[in-house]
Amino acid sequence: RNLLAKLQNEVDNDFLLNKNYRNPKVLSKRASSIVGDDEIEATRALVSPPQYHTFPHEDGEKINTLNKEITKLLDKGVKSSDITVLTFKKRNASVLYGRNGLGQHRLIDVKRILGSDDNIFEAVTWSTISSFKGLENDYIFLVEGDEIEMSDWYRTLVYVAITRTKTEFHYFGNPEDEAWKVLVDA
């Protein structure tokens, strides 16, 4: 708190830092060295353990299952922009490809946002795991791991997906999925 007060006295503008960006320990060390204060402790922890959901095999039922779980979060007061659905599949092979919504919830492809006027703060986002590297969100839903054979590449993708999560991680799959087994053993 002393550091925050010192910083506020030293700058002309206030910046709202309400997101837990990557490498908070590095950032806090740098901030404390700038103002000459003691080192600040920085921690990061998920609010709850990963949650697992059985995911049906039919595409229509997959969308219904996602919609139900997203609706539960929104009913608890979570903002739609705090939810991202990640897929193992290539973009155009995903059940999410070309969809503008999940039930009554807007759905935006993260890659499409870059070249459009879409407002990511008003919708649930989705992406391939690979395209989401370096990004994060509060609630991550991981889908479409049912058809993959686990290799080192897919193990890396599981790790990437889990570490994109700031608050709560949800896996949608089946007990026989290779991805499920990796997550359970993690």
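The values are calculated or read from the model by the stated rules, or taken from the named source; none is laboratory data. Computed from a predicted structure; not experimentally measured. Reconstructed Cβ throughout: ideal geometry from the backbone, glycine too, with neighbour counts over all protein chains shown. Accessible surface is based on the protein model in full, side chains and every heavy atom, while ligands, DNA and RNA are left aside. Shrake-Rupley method; radii C 1.70, N 1.55, O 1.52, S 1.80 Å.
Per atom type, region 121-160 shows carbon and sulfur on 49% of its accessible surface, probed at 1.4 Å.
Site pair E58 and E147 shows an inter-label distance of 1.7 nm when each label is modelled 7 Å from Cα along Cα→Cβ. With 20 Å as the limit, the listed pairs K89/K133; K111/K181; K68/K111 have K111/K181; K68/K111 beyond it between alpha carbons. Based on protein heavy atoms only, region 55-186 ends up with 49 Å² per residue of surface accessible to a 1.4 Å probe. Against the empirical 2.2 N^0.38 Å (N residues), region 128-186 has a Cα radius of gyration ratio of 1.03. Using C-alpha pairs under 8 Å with a sequence gap of at least 6, the mean separation divided by the residue count of region 83-186 gives a relative contact order of 30 percent.
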